[in-house]
Structures are given as structure tokens and as C-alpha cells.
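The values are calculated or read from the model by the stated rules, or taken from the named source; none is laboratory data. Predicted model, so just to flag it, every value in this text is computed and none were measured. Because the Cβ atoms are built from the backbone with ideal geometry, glycine has one as well, and the counts that use them run over all protein chains shown. These accessible areas exclude ligands, DNA and RNA; they are computed on the full protein's heavy atoms, side chains included. Shrake-Rupley method; radii C 1.70, N 1.55, O 1.52, S 1.80 Å.
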Amino acid sequence: MSDLEEIEESTILFNASREELNAERNNEEYELDSIGEEEDQQTSFIQDNERHSDLFDFDEHLIPLTLTETQRRPTHLEKKITFLNGLTLVVGTMVGSGIFASPGPVVKHAGSVGMSLVVWLICGLLACTGALTYAELGSEIPISGGEHAYLSHAYGSLPAFLFSWTAITCLKPGGNAIIAVIFAEYLNRIIYHTAFDDAKEHPTAATHKWLNKIVAILCIIIISLINTYSVRLATRTQDLFTAVKMISLAVIAVIGFVVLGKGGMTENFDGDLFSGTSTRAGDYALAFYSGLWAYDGWNNVNFIAGEMENPARDLPRVIMVGLPLVIIFYLLANVAYYAVLPSSIVIKTNTIALDFGRAIFGPVGGILFALCVAASCFGAANGGIFTGSRLIYVAGREGYLPTVFGKVHSTWNTPTAALIMQAVLTIVLIIPGSFTTLLNFVSVAGWVFYFLTSFGLLILRWREPNLERPYRVWLTTPLIFCCVAVFLVVMPFVRVPLESLAALGFILAGIPFWYVRVKYKESFTSQAIKDYVANINIKVKTWRLNHEYSKQEIIEQ
């Protein structure tokens, strides 16, 4: 082919590419005009959430925001969080519904009162090691995304995507389902265990089971409607019920301390506290799951680091002061339960605060404590649905999910489609599950990624030793955490294989979606970049040949 023919072909290709680019630009301008109103709604939604969602900061969660989203926000968050602010945030985040539902399963699997208290202590110390490990990861990878960001940096996009997938489809809905079941159990007990003394009037086990499921589903629907209607209403609901939760726990601890000081109402602290202690490793895995559920929230501690006045100094202090405070609160609450209730009742009940109040103050006390715990659960579920729906919303905006989930309602200015999806996923888990099965299912899935994330710190220590680490934890801390995490992932496959396999299946089900939503897009983007570079090369070559042709023409003249 002659130079002239090559020039003509290159010119044709370049003109065709230019026409395609012009057509694409015109199409983009048309699309921008047509969705201008929708973008205004999205901006308003983001700003509205910034004003009203301090307790539900969802930027730190799983999926990083697009450049367009982040450009709408300030480049740097103001460093205004003091040590005291961080301490109250950590304690308030961790103390939830678990302490009102987990004591029974813990003592059931531990086998004795003494060992159950040891399990609660070890769970708290394990939460400390996990929080310190995450604190280093947060200091060396100071970007939004939490585990998603850490897994992506350490392993690549597949584990990070699987974590986001699992959080959206399993962890968040499963956590919300557990809280809703606890709420239903307490609310129903007010009616048919506190109002009636005659056992014959109690419903059958099957009726009891389905009443709990119906009430739990109604709870999820009501909270979803509240969040659909107004962000402000959702956040104010959370403020109210958080205060109720903290007051209830403090009252239980104080009453138990007073009762124990007078000699106690039971024989739990007489004789050998460790009589009947379990010797099976699988039992302890299940006991740890129940206890660690009550400490849930330790993995969010590092998200406040970017807004602390002196994170290198205050973040470790917040962890080393805040988590021991929670441990002390939980141990005092458990001691209070055992001082008032026989261990046989603690093992059987899922509504220990109601039984505690009834033993101290009679039926009226049972109703009062049950209402307080139900309110606490309602608030916790409200927070879970709020943040869970925002994960779905961001996933829709990022293209991980269909774009309909990344839209906001034109009137209510809330992510309606994301809230509907969150509610449906939660209800799907409530129908076949119970507190114990849901807890095992969610815990196995969660601890798989806790292990991968903490092991990622060890990988980064070896692979990137020069990475800046404003806070550096002792190496033994992540090693201990990783060893315990392996134990908590492996042992349930022996004791509760069905729930464990279901959790593993949920995680692996995300792999095809990763290929479609991420890998394919990465390949497509790479090809698009290659095509763009090729067009640039054609343009340069065409200009060079035209220049040489003109120069030769001048010489000939």
C-alpha cells in the first residue's frame, strides 16, 4: 500500500472516529438534559443525608463512591472529634440488642455460669484485637470503603466485591432479621407471657413461632416505610431509641449489683461456678458467635479516625478505654441476670430482660423492661435498615446493581427502590430462620471476611513494608485475631453444617455477578482505552504523513 493510500485510509478512519465521537457527545448532551432533574434529586438526597445522618454515616461502608459523588462533598472532613466524642460514639455503636438476647445461647453452649462469663470476657478481648487490627488498616489505607477498601488493596477486586455482595445480600439483611426477631419475641411475650399466668392460655410452639415471624415482618415493613417517607424522621427515631437502650442496660446493671449485694435471689454463685462446663470445641464456637454478636460494631471503630483531632494518639485510647467499658457493662449485666434468674431459665429464654424485670417487680416490671428492650431493638433495626439501604443505593450508583436501585424518589427524596430491596431480603431471611439459625448463618459469613481482612494486614506488612502507618499494632494482635477467626469459621461446619454451608453458598453466589458487573466492565474499559489510543495513533500518523507529503510537494515545486 502506498503512503497516499495509507493516508486516505487513515483519514477515513479518523473522520469516522470523529463522527462517532461527535454523535456520542450529542447523545450525552441529550441524556444530560433529560436527566438533569434526576441529578438534582440525587444531589438533594445526598445533601439531605449529610445533614441528618450523623449516626448512620454510610460513606464508610462497603462500596466506594464515584468521582462525581465525591466531588460534591468537601475534600477533607473537619477534624473535630475529640477523645470523648470518639469514646461515646464507640460505646453507643457497640451496645445494641445482643446483650438482651445472647446470654441464653452463651450459657447454653458454654455449659456453666462461670464459663459463660469467661466467654463474655474473651469475646470482649477478641473485639479489642479486631478493633486494633482494623485501626492500623484504617491508618495505612485512609479511604472510604471499610473492608471493601482493605480487601481490594490486599487481594484485588474479587474478594472486595464478594464482601460487598455478602454484606448487601446476607450480612445487613441477616442482622436486621435477627434484631426484628428479638423485637417480635419481646413484644409477643408482653402479650401472652406477662398478661397471662395460666400456662394453658399460652399459644402452642408452632403458633408462637409464626406470631414472632409475622410481628418481625411487620416491624421491618413499618421501619422501611418510615425510612421511605423521611430521612429526618428515621434519624430522630434512632436518637430516641438509642437513649432508651442505654438507660435500660444501666438500670439492669445497677439493680443486679444491688440484689447481689443483698445475697442474690438464686444459687448461681454458690458452689462451683464451672460445674457442667462443656468440653466440645464446636460448642464454644457457637457460644462465641452469640457473645460476639453483642459486641458487633467493633469493626466500625476506625471509621472515625479521619475526623479525629489527633488520631495517632486518640484512636488507640478510644479502643483501649471504650471496649473495656463495654466489657464491664456486659459482665455486670450478665452477673445481674444470674443474680436474679436461675441458670435454667437463662438458658431457655430469648427475652431475658423481661424475665429479669418480672422477677424483680412482678408483671408490671416485666412489661416495662420488655417495652424498653423492644424499643431498643426497633431503634437498632431502624439503623440497620437505614445503612443497609444506602449500601444498595451506592451499589446501584456504581453499577454493581441495576441502576434503578441507585435512584431516589421524586417526592420523598429517599432511595425507595433500595429500601424495598432491603426489606424483601430481610423478610426472605426471617421466614425460614430463627434467632439461633440466623445468628449462625450471619456469623459464619461475617467471620470469613473478618479473617481475610485481618490476614490482609499481615500480607501488607510483608508486601509493602514501607507503607506509611501512622498507627502500628503489635504483630501478635492480628495473629491472635486470625487464629481465632479460623476457629470460628471452621468449627460451625461441624456443629451447624446447614447454616454454615448456606453462608458459604451466599458468598460463592457472588462470583458470577463479579464477572458480569466488574470483570466484564474492566475488560470492556481496557478495550475502550486501547481503541482510544489507536485512534490517537492514527491521528498522529495521519498528521505526520500529511506534513511529509506537503513538504515533499513544496520541494518538488
Exactly one of these conditions fails for Ile360: (1) surrounded by 21 or more Cβ atoms within 10 Å (Cβ to Cβ); (2) in a helix (DSSP H, G or I); (3) β-branched (Val, Ile, Thr). Give me its number. (1)
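Results for (1) open to solvent by 10 Å² or more (accessible area, probe 1.4 Å); (2) more than 21 Å from Ile385 (Cβ to Cβ); (3) not acidic (Asp, Glu), shown as yes or no for each residue.
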{"position": "Leu125", "(1), (2), (3)": "yes, yes, yes"}
{"position": "Gly130", "(1), (2), (3)": "no, yes, yes"}
{"position": "Leu151", "(1), (2), (3)": "no, yes, yes"}
{"position": "Ser157", "(1), (2), (3)": "yes, yes, yes"}
{"position": "Ala167", "(1), (2), (3)": "no, no, yes"}
{"position": "Cys170", "(1), (2), (3)": "no, no, yes"}
{"position": "Asn176", "(1), (2), (3)": "no, no, yes"}
Which condition number does Arg469 fail, the rest of (1) assigned to a helix (DSSP H, G or I); (2) surrounded by 13 or more Cβ atoms within 10 Å (Cβ to Cβ); (3) touching a residue at least 40 places away in the same chain (Cβ under 8 Å) being met? (1)
Could you list, in sequence order, all residues of the range 425-441 that are open to solvent by 30 Å² or more (accessible area, probe 1.4 Å) and within 17 Å of Thr166 (Cβ to Cβ)? Leu425, Val428
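Would you confirm whether any residue within the range 385-395 is of a type in the set (Gly, Ala, Ser), under 18 Å from the mean Cα position of the chain (by Cα) and either open to solvent by 10 Å² or more (accessible area, probe 1.4 Å) or closer than 23 Å to Val91 by Cβ (or both)?
The answer is yes, given that some residue of the range 385-395 is of a type in the set (Gly, Ala, Ser), under 18 Å from the mean Cα position of the chain (by Cα) and either open to solvent by 10 Å² or more (accessible area, probe 1.4 Å) or closer than 23 Å to Val91 by Cβ (or both).
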Does Val408 satisfy the criteria of being out of contact with any Leu (no Cβ under 9 Å at 6 or more places or on another chain) and not in a helix (DSSP H, G or I)? yes
Within the range 264-275, count every residue that is open to solvent by less than 60 Å² (accessible area, probe 1.4 Å) and of a type in the set (Gly, Ala, Ser). 1
Can you tell me which residue among Leu341, Leu332 is within 19 Å of Phe257 (Cβ to Cβ), in contact with a helix residue (DSSP H, G or I) (Cβ under 9 Å, 6 or more places away or on another chain), open to solvent by 50 Å² or more (accessible area, probe 1.4 Å) and modelled with pLDDT of 85 or more? Leu332
Tell me which of these Leu315 doesn't satisfy, since it passes every other one: (1) within 29 Å of Phe451 (Cβ to Cβ); (2) at pLDDT 85 or above; (3) crowded, with 19+ Cβ neighbours inside 10 Å. (2)
For the condition in contact (Cβ under 8 Å) with a residue 12 or more places away in the chain, open to solvent by less than 50 Å² (accessible area, probe 1.4 Å), of a type outside the set (D, E, K, R) and closer than 30 Å to Lys209 by Cβ, what is the one hit in Ile347, Ile367, Ile252? Ile252
If you go through Phe524, Phe487, the only one that is surrounded by fewer than 18 Cβ atoms within 10 Å (Cβ to Cβ) and at pLDDT 85 or above is Phe487
Of the residues Val473, Val442, Val404, Val448, only one is over 27 Å from Val518 (Cβ atoms) and among the hydrophobic types (A, V, I, L, M, F, W, C); which? Val473
Looking for something modelled with pLDDT under 80, touching a His at 6+ places or on another chain (Cβ under 9 Å) and surrounded by 22 or more Cβ atoms within 10 Å (Cβ to Cβ) - is there at least one such residue anywhere in the range 410-424? no
Where residues in the range 407-419 are more than 18 Å from the chain's Cα centre (by Cα) and of a type in the set (A, V, I, L, M, F, W, C), which of them is nearest to Tyr515 (Cα to Cα)? Ala417
The range 442-466, residues that are of a type in the set (Ser, Thr, Tyr) and open to solvent by 20 Å² or more (accessible area, probe 1.4 Å): Tyr450
